[in-house]
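*Asks:* Have a look at the structure that comes next, please.
FYI, it's all coordinate maths here, none of it is from the lab. Just so you know, these numbers come straight off a predicted model, no measurement behind them. Backbone-built Cβ (ideal geometry, glycine too); neighbour counts: all protein chains shown.
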Amino acid sequence: MERARGSQLASGLLPNQQFDPHLMLQQLKSLLIAFAVLAGGLALGRHFLMPKTFGQRGHYRAAAVDAIEKQPVHYAGREACAACHPEIVDRHSKARHQTVACEVCHGPAAAHTEAPTENKLPAPRTRGYCPLCHGYDPSRPTGFPQIDPVAHNPLKPCITCHNPHQPEPPHVPEECSACHGEIARTKAVSRHALLAFTQCHNTPLQHKVTPRLVRPDKPRTREFCGGCHAQDARSPKEIPRIDLQTHGSRYLCWQCHYPHRPEGD
Amino acid sequence: MGEWKRDAREPSEQISGSRREFLHTCSLAAPLLLLGLRAAAVEAWAAPEAAYNAREHYYGMGVDVARCIGCGRCVEACKNENDVPREPYYFRTWVERYVVGPAGEAEVDSPNGGIAGFPPKPSEKGVLRTFFVPKLCNQCADPPCVQVCPVGATFATEDGVVLVDRDYCIGCRYCVQACPYGARFLDPRTHMADKCTFCYHRVVRGLVPACVEVCPTGARVFGDIRQRSSPLARFTRFNKIMTLKPHLNTKPKVFYAALDQEVR
Amino acid sequence: MEPLQEVLRQVTGYIYPNEVELHWGLLVVVYPYLTGLVAGAFILASLVRVFNVKEVQPTYRLALLTALAYLIVAPLPLLAHLGRPSRAFEIFLTPNFHSAMAMFGFVYAWYLMVVLLLEIWFDYRKDLVLWSKRETGVRHWLHRLLTLGAGDLSPRALRFDQSAGRFITIIGIPSAFLLHGYVGFIFGSVKANPWWSSVLMPIVFLFSAIVSGIALMLLLYLLSTLLRSKPVDMVCMDKLATFLFYDLVVDFSLEMLDFIHRLYEAEESIQILSLLVSSRLFLSLVILQALLGTVLPLLLLGSVSPALRNRGIVSLPDELRRLLYAGAAVLIQIGIFSTRWNVVIGGQLFSKSLRGLTVYKMQLLGLEGLFVSGFLLVLPLLVLLVLIIVLPPWPEAEQHPEAGAS
């Protein structure tokens, strides 16, 4: 590039002179030599320093991918456990914790699969561990089983009642709040605090055993709420009344009012 | 799982529910089936890595916000699997907690990336809605970090994963500046850029990324975008999908379901 | 890890966990400041050569040497801030042509090798030959070496020096624009950062570069003349001050345009950016950059220099006037340095989640510390001193009694 520009300079700026290497200005000769030495040095350096696999698959060293592929695996994956622990895996795979991989609680197991006796895996047995998932937190999705770590059987390690591989509780929950903590807490501070869950939800006993297969029902009509809140309802006087005919008649009650925390508190 | 998802169940959930019930009734046949599968799986684990062809894959991840319980197991597993510095300033993945108040103002926190869960947060103003959001490198199809790397030390592989070359990075940190998602950091031990690799070393061995492996609720789904029968394909088929900061046109390959407008 | 813990305590709102560490510190503030001075000094030199502004001729050679001195030092802060400085050569080995930063290598090399060195060489060649003829010892050999063996002083050769120099200056102006405009582009093209991402960024950088360059040359010319006990050319000073004023007006207008545009568009980032300006950047942006660094010099130069009225709105004696010029130039340097600070550091003080602000903890020691940056700000002046000793830019050095008629 320098060469081209240099000669263009020579011929372009001194148009009357024919280009002839012998007539070439001393300055240009010197500069050309200097730039040639520089360019040669750079080309040589580049030749020796250029990484071998650069540009094979794109603008990067292909060898970098190989190096990353060779990094050691620490989490062996749940499939690896079944080879030696078939009973536990079998039981676990049918229980509620079936989506919870072994290594969630037992930690990375690759070293253990290679040398089972030298590298024992931990099993968390303290009360501190399970609440990571099951401690009550309003940010968790509603319906996800959560307990209050302070109030729920204080000081008892979780594993005395729950087998982590088959965590169904030893007896069915007595309170709805055992699973529906978010709703229970909301309702507890609302004007509906004194209403039992079963006032509005018919709950078959089987719901406590197979909660996802048998579900409680929900009110379906305006008249259900009207049972307490209609003008002619037979309920205590201090309960607010509405005229079912005129009050937001195109909506169902719970489209505006959240029954677990009706407005006005 | 999936029953405790917020709101009504989507059709997909019902399908999966009935499928589970079906399996449940067939549980007598299951042990045989499982044994067969297990044998195959163990073989795959023990077998020498078959020639992996990157061109046959194109990876992405699905994140179902409505399933995240904020347990932080993904953060822990990521740090274990990838030797990420344990200090609370370096994360390849982290979990954020959003608490939206009655006036719509959001408060966000991520104590130590959520690695030890989230301490209870008293909110004086009350809560309109609240949820957890797992974050990680979005493995953009048009990655700004790759665009700005002066030397070609960060790049997208043929199977769509953005990686950092640890023998080549000069530590200029332009990629850290260019990432809109805060997904990159400078490893204090090597003085080089580091980020989520989708656990590339696991993926080429046929395993899923560590965070996906340990997510107890299936909030994270990993798979091949182009393959029609991958968990990810099912995820993107049955959910309404959103990506982070779509206006920046980075074309993320981490797809969020049930994403809230407050998440940035 | 202690400094980062300290930062974590001072974060307000929410920032991504990886944002606790601020990645581009003081060194990266110094870098655009230095490159700006290069571009500014060169533009001033080209005023003489291309636009024939005879009044500022006394600053011509000094400006060229200043540009060179600052250009030599400019990449050092970048190098020092790298995590792996020993790998810096990779930028030339495998440049990523999509990367604004990779292009730095080429713009820099082009500017250094093709523009600045060539222009200085063509301009000095005749003097180098004549100096080496009458000198002895080290200076003789040094100057002879610098002629690169081209000792031809024929009228044809000298004519060629002239036209080649002019030609290079003409290429040099867009190159200088490119050099500093590109530095602006490094920041302006980061779409992830709403404080940086702006098409105006390269232009704002450019004009602030010219402002800082002219102000520096005004200071250096005044200082060098006084130190050599020579009379200060007030025509030159007035012209410099006038140019400084005009350019400052353009620079300020551009910055205001950027500011108003952001405010009026009020995109999603406006809240956090307003908070940034009114809290973390109040001192460096509103006080230092805008008031002390721009408005005050504008008032000073506008009232004293012949920019608006032939003898100045307030007519002052030469000594006082040049003192005020110097004061304005110093204020402008502070202002432009604050500008660089506000771009580089300011752009990292807010989270890309647009939900929180963090702080910058400056270190004293270490490569990224205050002392190294201070040293890098002084170093160009030392380099300039060496250059001045080797290639005296003063008019009396161009007198060659023995050459006589030539």
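*Asks:* Based on the Cα coordinates of the protein assembly as shown, what is the per residue volume of their convex hull in Å³?
*Replies:* Details: hull volume 216.8 nm³, N = 935.
Measuring per residue, one finds 232 Å³ for the Cα hull of the protein assembly as shown.
*Asks:* Could you sort B:213-221, A:49-57 so that the peptide with the highest average Cβ count within 10 Å comes first and the rest follow in order? Walk me through the numbers on the way to the answer.
*Replies:* Numbers: B:213-221: 23.9, A:49-57: 13.9.
Descending mean neighbour count gives B:213-221, A:49-57.
*Asks:* Suppose the chain between A:Arg250 and A:Gln199 were pulled fully straight at 0.36 nm per residue; how much longer would it get relative to their current alpha carbon spacing? Before the final figure, lay out the partial values.
*Replies:* On the way: separation 51, 0.36 × 51 = 18.36 nm, distance 2.48 nm.
Difference between extended and current length: 15.9 nm.
*Asks:* Name the trypsin sites (Lys or Arg not before Pro) in segment A:136-215 that are in a loop by DSSP and that have at most 14 other C-beta atoms within 10 Å, would you? Each step should come with its number before you reach the end.
*Replies:* Values: sites: A:Arg185, A:Lys187, A:Arg191, A:Lys208, A:Arg212; in loops: A:Arg191, A:Arg212.
Counting only loop positions with at most 14 other Cβ atoms within 10 Å, the trypsin sites (Lys or Arg not before Pro) in segment A:136-215 are A:Arg191.
*Asks:* Now, a different point. Treat the count of other C-beta atoms within 10 Å as a stand-in for reagent exposure and order B:His247, A:His207 from fewest to most. Before the final figure, lay out the partial values.
*Replies:* Working: B:His247 9, A:His207 19.
Fewest to most other Cβ atoms nearby, the residues stand as B:His247, A:His207.
*Asks:* Around B:Phe185, which amide H atoms from residues at least 5 apart in sequence, or from another chain, sit under 5 Å from its own amide H, with H modelled in the peptide plane?
*Replies:* B:Asp194
*Asks:* Just to confirm the filter: which chymotrypsin sites (Phe, Trp or Tyr not before Pro) across segment A:162-265 are DSSP coil and have at most 15 other Cβ within 10 angstrom of their Cβ? Mind showing how you got there, number by number?
*Replies:* Values: sites: A:Phe197, A:Phe224, A:Tyr251, A:Trp254; in loops: A:Tyr251.
Answer by residue number: A:Tyr251.
*Asks:* Also, I was wondering about something else. I need to check one value: relative contact order of segment C:57-174, counting alpha carbon pairs closer than 8 Å and at least 6 residues apart, in percent.
*Replies:* Working: 63 pairs, mean separation 29.3, N = 118.
Rounded, it is 25 percent for segment C:57-174.
*Asks:* Throw me the Rg/Rh for segment B:63-128, computed over C-alpha atoms with Kirkwood Rh, two decimals.
*Replies:* On the way: Rg = 13.4 Å, Rh = 13.0 Å.
Using only Cα positions, Rg/Rh for segment B:63-128 is 1.03.
*Asks:* Can you pick out the pairs among B:Lys135/C:Lys352; B:Lys253/C:Lys191; B:Lys79/C:Lys361; B:Lys251/C:Lys191; B:Lys135/B:Lys245 whose Cα atoms lie more than 22 Å from each other?
*Replies:* Values: B:Lys135/C:Lys352 14 Å; B:Lys253/C:Lys191 19 Å; B:Lys79/C:Lys361 27 Å; B:Lys251/C:Lys191 14 Å; B:Lys135/B:Lys245 13 Å.
From the list (B:Lys135/C:Lys352; B:Lys253/C:Lys191; B:Lys79/C:Lys361; B:Lys251/C:Lys191; B:Lys135/B:Lys245), the Cα-Cα distance tops 22 Å for B:Lys79/C:Lys361.
*Asks:* Taking the Cα centre of each part, how many Å lie between segment A:159-199 and segment C:147-207?
*Replies:* Segment A:159-199 and segment C:147-207 have Cα centres spaced 73 Å from each other.
*Asks:* Same structure again: Compute the long axis of helix A:2-13 from its Cα atoms, compare it with the longest principal axis of the Cα atoms of chain A, and write down the angle in degrees, 0 to 90, nearest 10.
*Replies:* On a 0 to 90 degree scale, this one is about 60.
*Asks:* Using the alpha carbons of chain C, what is the convex hull volume per residue in cubic angstrom, as a whole number?
*Replies:* Details: hull volume 66.0 nm³, N = 406.
Measuring per residue, one finds 163 Å³ for the Cα hull of chain C.
*Asks:* Rank A:Asp137, A:Asp148, A:Asp217 by mean-square fluctuation in a GNM of chain A with C-alpha springs under 10 angstrom and give only the top-ranked residue.
*Replies:* Comparing A:Asp137, A:Asp148, A:Asp217 in a Gaussian network model of chain A, the most mobile one is A:Asp217.
*Asks:* To the nearest whole number, what is the average tally of beta carbon atoms from other chains within 10 Å of the beta carbons of peptide A:214-225? Could you put the intermediate results ahead of the total?
*Replies:* Values: counts 0, 1, 0, 0, 0, 0, 0, 0, 0, 0, 0, 0.
Per residue, the average neighbour count from other chains is 0.
*Asks:* Pairing the Cα long axis of helix C:118-134 with the longest principal axis of chain C, what angle in degrees results, from 0 to 90 and rounded to the nearest 10?
*Replies:* Value to nearest ten degrees: 40.
*Asks:* Where does helix C:234-265 land angle-wise versus the long Cα axis of chain C, in degrees 0 to 90, nearest 10?
*Replies:* 20 degrees
*Asks:* In nm, give the distance between the simple-model label positions of A:Val150 and B:Arg86, each being 7 Å from the Cα along the Cα-to-Cβ direction.
*Replies:* 3.0 nm
*Asks:* Related question: Report the relative contact order of segment A:183-256, percent, no decimals, based on alpha-carbon pairs under 8 angstrom and at least 6 residues apart.
*Replies:* On the way: 50 pairs, mean separation 13.3, N = 74.
Relative contact order here is 18 percent.
*Asks:* Over what distance in Å are the Cα centres of segment C:276-309 and segment C:35-75 separated?
*Replies:* Between the Cα centre of segment C:276-309 and that of segment C:35-75, the gap is 24 Å.
*Asks:* At most 11 other Cβ atoms within 10 Å and a DSSP loop assignment: could you name the trypsin sites (Lys or Arg not before Pro) in segment C:161-251 that fit? Intermediate results must be reported in sequence, preceding the final value.
*Replies:* Values: sites: C:Arg166, C:Lys191, C:Arg228, C:Lys239; in loops: C:Lys191, C:Arg228.
Of the trypsin sites (Lys or Arg not before Pro), the ones in loops of segment C:161-251 whose Cβ has at most 11 other Cβ atoms within 10 Å are C:Arg228.
*Asks:* For C:Glu398 and C:Leu308 in one chain, what is 0.36 nm times their gap in residues minus the Cα-Cα distance, to one decimal in nm? If you can, show how the numbers build up before the last one.
*Replies:* Working: separation 90, 0.36 × 90 = 32.40 nm, distance 3.53 nm.
My answer for the length gained is 28.9 nm.
*Asks:* Continuing with the same structure: Please list the radius of gyration and Dmax for segment C:62-139, considering alpha-carbon atoms only, with Å as the unit.
*Replies:* Looking at segment C:62-139, its Cα Rg and Dmax stand at 16.8, 52 Å.
*Asks:* Another question, then. More than 13 Å apart: what percent of Cα pairs in segment A:183-256 qualify?
*Replies:* The calculated P(r) of segment A:183-256 puts 73 percent of pairs beyond 13 Å.
*Asks:* Using a Gaussian network model on chain C with a 10 Å cutoff between Cα atoms, which of C:Ser189, C:Ser303, C:Ser274 fluctuates the most?
*Replies:* Maximum fluctuation in the GNM of chain C, among the listed residues, is at C:Ser274.
*Asks:* To the nearest 0.05, what FRET efficiency results for C:Phe259 and C:Ser279 with a Förster distance of 22 Å applied to their C-beta separation? Please report the intermediate quantities before stating the final value.
*Replies:* Working: r = 17 Å, r/R0 = 0.76.
My answer for the efficiency is 0.85.
*Asks:* Within a 10 angstrom radius of the beta carbon, how do A:Leu31, C:Leu64 rank from fewest other beta carbons to most?
*Replies:* Working: A:Leu31 22, C:Leu64 27.
Fewest-to-most ranking of A:Leu31, C:Leu64: A:Leu31, C:Leu64.
*Asks:* A further question on this structure: At C:Arg84 and C:Gln363, where each label point lies 7 Å from the Cα along Cα→Cβ, what is the point-to-point distance in nanometres?
*Replies:* About 1.9 nm, to one decimal.
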